[in-house]
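Chemist: Submitted below is the structure of interest, expressed as structure tokens.
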Amino acid sequence: MSIFYHESARTFHLTNGTVSYIMKVLPDGSLGQLYFGRAVRDREDFDYLLEMRSRPMSACVFEEDGRFSLEHCRQEYPSCGSTDFRRPALELRQENGSRVTAFAYRSHAVSAGKPALEGLPATYCEDPGEVETLTVCLEDALLGAELYLSYTIFAGESALARSARLENRGTQALHLTAAMSLCLDLPDRDYEFIHFSGAWSRERQMKVRTLEQGIQSVESARGHSSHNHNPFIMLRRPGTGEEEGEVLGFSLVYSGNFLAQAEVDTWDTTRVTLGINPFGFDWKLAPGERFQTPEAVMVYSGRGMGEMSRTFHRLYRSRLARGYWRDRPRPILINNWEATYFDFDEDKLVSIARAAREDGVELFVLDDGWFGARSSDRAGLGDWTANRDRLPNGVAGLARRIEDLGMRFGLWFEPEMVNKDSDLYRAHPDWILQTPGRRVSYGRNQLVLDFSRQEVVDCVYGMMAGILSGARVSYVKWDMNRSITEAYSAALPPDRQGEVCHRYILGVYDLYERLTAAFPEVLFESCASGGGRFDPGLLYYAPQGWVSDDSDAGERLKIQYGTSYCYPISSIGAHVSAIPNHQVNRSTPLATRANVAAFGTFGYELDLNRLTAGERQQVREQIAFMKQYRAVLQFGDFYRLRSPFQGNFTAWMSVSPDRRTALVGWYRTLSEANGPFRRVRLRGLDPDLCYTVDGGEPHYGDELMRVGLITTDSGAGECQPGERPICDFDSHIFVLEAYEEKNT
Ligand code: DGJ
């Protein structure tokens, strides 16, 4: 792994033998982008990649040089107001009203390791030898502003992490109205733009569009990364599939308002920008202050989207997620939400937990409704003390009863919100986000606490820490059930109101940081009405997240498949719920509900007491299966085999790191009358190893990958031997085990 700097050509080359990233100081001192892709050998200069020519109607930087226009150079971190007319990475409003800036190279530094980002989640290293970081300092001499662009390259991974920091060392206040985390100018537009969009209960549906001249983007302005769009996009070459072709993945390690954009100019170059959404953003940088952008991670794959995803999975699973649970198989849980909603008391909870324990569940999670006057979603939020009508012995008493059953105990919070009907709101009506003189908007009958204020975060920390230290709580589900409106803070002056949304997220991160530090063995699961804040930012604190409130197995195929493009399986919260399903009123086989949830952190969201004896037996078998294979399912290499966005069948698989065990999930949405024979080509196996399939006839890895696995007769297991099951939402998990040593 090396970061080269060639003084004569003023060129940087970051490479690890897998990828190369090449930049150059341009004639005006700004930084130009020359190449990002598969590794190339280093050379003294790559100036031939800087194509310049004089073009009519172009504005040029220097009087004497008609060839040098920023409009026609690929840039690293473009400023605005000069000769480039595309959207900038940085926009600074100055005291005289100007937004023109000119940042020029001043110095750079290369170091082993990777510095943490102040107050923000980011990838990290465990050993400084794993990564190298280049920081380039540029300066706008007129303003006395310094810009630090940071690039980290990871040994053996086709990934780069980037961020920017602006320091105001001048004498005037500056207003940052755009400060992107990443800008990448590409030499052509021969890509498809892929994003993952949706809404509540149908998150991360894959959308593909051809890049065209003009701007295409996805964004959130809702105060959280949102159900609607995810801070992750891909640019792939036409024809790229799971295992072949070129694709670039761009992911923002951030949980608030974001913009992910591709701008294609009329010379067919493509500018990708990713960062905090400039819409509504206005950060005042007083003299002496600095601003750090969130981190963006970009991954190059020349071997299809599958390899890109596995790179993100490795990085995010082990160098973004942290803490005690990072590498540990996750406990099988039962959550009472869909079993009881608000209708429960201590005995009912214990009876749900007892049945679950009998079947092998390890963790009982008490969801919404245990605190304050919370008998519906109209009251109680903000009052984090046990509701004694429901829990006469408090949280500690219930936790004890659960632990006495031989299970761990988990608890739901929604720390950022308050109901008007709550003691917290009555004591501090000014602690909510609201704009003076205007009506405040409601979402799920609740208001948003002003997490940009330290005293608000401190108060919530005090209440939560009190509960977590007063009872044996092993897991926390952190929910967030509405978008942010009227984003105005009573604690900030008028010229800082554009900071509220980002400060709010910094407050969320601060609370997460303090809680995870104080309770290091507690497993945190993030949630925002399902997948409304499923992003890399929260993975830094909570190694798993509830991907969607939609627990229907059919819908979940798409949601989990879409989520897997960027996020590791160990982060995907997935539960078996009751039928008819509460979100779509659909009935799917119990086996399929479990077979879908198995490719996730796995749990149940129903009252097992309501199942038949036969179903309970099935549940026991599912849990035993999960305990045996969860390490492979959650931490193995994940391969997508067949897309639910393209037809009636879905297939995916996880392979153990030693490639001796593999689990193949195979799902058919609608049953077929007199259907064809079917097989699916597997991936990631050792071609020279012989595997048994479901303990039966062995096949070599090469057969399974090249000829394929016969799936024709597999079903939900609810038919007689030899009989082909006919039902909608049929599925099967094939278990492949290596049964002999390699035959090479
Ligand atoms: C939304 C979450 O996504 C659900 O799982 C549940 O926790 C409810 N909130 C509780 O209000």
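The values are calculated or read from the model by the stated rules, or taken from the named source; none is laboratory data. Since the model is a prediction, treat every value here as computed from it, not as a measurement. All Cβ positions, glycine included, derive from the backbone under ideal geometry; neighbour counts span all protein chains shown. Note: accessible area is taken over every heavy atom of the protein model, side chains too, but ligands, DNA and RNA are not part of it. Shrake-Rupley method; radii C 1.70, N 1.55, O 1.52, S 1.80 Å.
Chemist: Which distance in nm do the two modelled labels at ARG586 and GLU521 give, with both placed 7 Å along the Cα-to-Cβ direction?
Modeler: Inter-label distance under the simple model: 4.1 nm.
Chemist: Then there is this: Note down the nm distance, to one decimal, between modelled labels 7 Å out along Cα→Cβ at ALA613 and at ASP458.
Modeler: 6.1
Chemist: Determine the relative contact order of the chain: mean sequence separation of Cα pairs under 8 Å and six or more apart, normalised by residue count, in whole percent.
Modeler: Relative contact order for the chain comes out at 10 percent.
Chemist: Please give the FRET efficiency for ALA141 paired with ASP404, using the beta carbon to beta carbon distance and R0 = 56 Å, rounded to the nearest 0.05.
Modeler: Efficiency at R0 = 56 Å is approximately 0.20.
Chemist: So what's the angle, to the nearest 10 degrees on a 0 to 90 scale, between helix 346-359 and the longest Cα principal axis of the chain?
Modeler: Between helix and principal axis, roughly 80 degrees.
Chemist: Which one of GLY380, LEU333, ASN168 is farthest out on the positive end of the charge dipole of the chain, using unit charges on Cβ (Lys, Arg +1; Asp, Glu -1) and the Cα centre as origin?
Modeler: Among GLY380, LEU333, ASN168, the one farthest towards the positive end of the dipole of the chain is GLY380.
Chemist: Among ARG426, ARG86, what's the order by accessible area (1.4 angstrom probe), most exposed first? Numbers along the way, then the final one.
Modeler: Details: ARG426 135, ARG86 25 Å².
Greatest to least solvent exposure: ARG426, ARG86.
Chemist: Could you calculate the contour length gain from ARG326 to PHE85, that is, 0.36 nm times the residue separation minus the distance between their Cα atoms, to one decimal place in nm? Can you show the working numbers first?
Modeler: Details: separation 241, 0.36 × 241 = 86.76 nm, distance 4.45 nm.
Contour length minus the Cα-Cα distance gives 82.3 nm.
Chemist: While we're looking at this one, here's another question. Would you pull out the residues with amide H under 5 Å of GLN205's amide H, same chain only if 5 or more places away, H placed 1.01 Å from N?
Modeler: Excluding prolines and chain starts, which carry no amide H, the hits are SER197, GLY198.
Chemist: Using the Cα gyration tensor of the chain, with a ≥ b ≥ c the square roots of its eigenvalues, what is the shape: rounded (a/c below 1.5), prolate (a/b larger than b/c) or oblate (neither)?
Modeler: Verdict is oblate for the chain.
Chemist: Right, next: Order the peptides 52-61, 633-642 from the highest to the lowest mean number of other Cβ atoms within 10 Å of their residues.
Modeler: Details: 52-61: 12.3, 633-642: 22.4.
For the peptides 52-61, 633-642, the packing ranking is 633-642, 52-61.
Chemist: Quick check: Cα centre of the stretch 93-151 to Cα centre of the stretch 369-446, how many Å?
Modeler: 41
Chemist: Sort 645-652, 206-213 by packing, meaning the average of other beta carbons within 10 Å per residue, with the highest value first.
Modeler: For the peptides 645-652, 206-213, the packing ranking is 645-652, 206-213.
Chemist: Whose amide H sits under 5 Å from the amide H of VAL19, counting only residues 5 or more places off or on another chain, with H placed in the peptide plane?
Modeler: The answer is ALA39.
Chemist: Okay, next question. Within the stretch 266-301, name every residue whose backbone N is under 16 Å away from a label modeled 7 Å from Cα of SER58 along the Cβ vector.
Modeler: In the stretch 266-301, the label zone of SER58 (backbone N under 16 Å from the point 7 Å along Cα→Cβ) covers 266-270.
Chemist: Once the Cα atoms of helix 553-563 and of the chain are each reduced to a long axis, what angle between those two axes, in degrees from 0 to 90 to the nearest 10, is obtained?
Modeler: 30
Chemist: Once the piece of chain linking ARG209 and LEU49 is laid out straight, how much longer is it, given 0.36 nm per residue of separation minus the C-alpha distance between them? Could the numbers behind the result be given before it?
Modeler: Working: separation 160, 0.36 × 160 = 57.60 nm, distance 2.83 nm.
That pair, ARG209 and LEU49, stretches by 54.8 nm at full extension.
Chemist: For HIS229, what charge total do you get from the other residues with a beta carbon under 14 Å from its beta carbon, if Lys and Arg give +1 and Asp and Glu give -1?
Modeler: That works out to +3.
Chemist: Quick one: if you stick a label point 7 Å off each Cα along the C-beta vector at VAL40 and TYR5, how many nm between them?
Modeler: If labels sit at VAL40 and TYR5, their model points lie 2.2 nm apart.
Chemist: With every protein chain left in place and a probe of 1.4 Å, what is the accessible surface of SER587, to the nearest 10 Å²?
Modeler: Probe radius 1.4 Å; accessible area of SER587 about 70 Å².
Chemist: Taking the DSSP beta bridges in the chain as the whole, what percent of them are antiparallel, to the nearest 5? Before the final figure, lay out the partial values.
Modeler: Numbers: 135 of 162 bridges.
Around 85 percent antiparallel, to the nearest 5.
Chemist: Moving to a separate point now. To two decimal places, what compactness ratio does the stretch 152-291 give when its Cα radius of gyration is scaled by 2.2 N^0.38 Å?
Modeler: Compactness ratio reported: 1.16.
Chemist: Here is a further query. Residues of the stretch 122-157 with the amide nitrogen closer than 20 Å to a label point 7 Å from the Cα of GLU95, along Cα-to-Cβ, please.
Modeler: Answer for this model: 140-147.
Chemist: Something else about it: What is the percent carbon and sulfur in the accessible area of the chain, measuring with a 1.4 Å probe over the protein chains and ignoring ligands?
Modeler: So the carbon and sulfur contribution to the accessible surface is 47 percent.
Chemist: Taking 0.36 nm per intervening residue step and subtracting the Cα-Cα distance, what contour gain separates LEU670 from VAL110 on full extension?
Modeler: 196.0 nm
Chemist: Rounded to two decimals, what is the ratio between the C-alpha radius of gyration of the stretch 393-474 and 2.2 N^0.38 Å? Don't jump to the answer; show the numbers that get you there.
Modeler: Details: Rg = 16.0 Å, N = 82, 2.2 N^0.38 = 11.7 Å.
Compactness ratio reported: 1.36.
Chemist: Rounded to the nearest 10 degrees, what's the angle between the helix 304-319 long axis and the longest principal axis of the chain, both from Cα atoms, 0 to 90?
Modeler: 80
Chemist: Okay, moving on. Largest first, how would THR669, THR152 line up by accessible area (1.4 Å probe)?
Modeler: Numbers: THR669 40, THR152 5 Å².
Ranked list, largest accessible area first: THR669, THR152.
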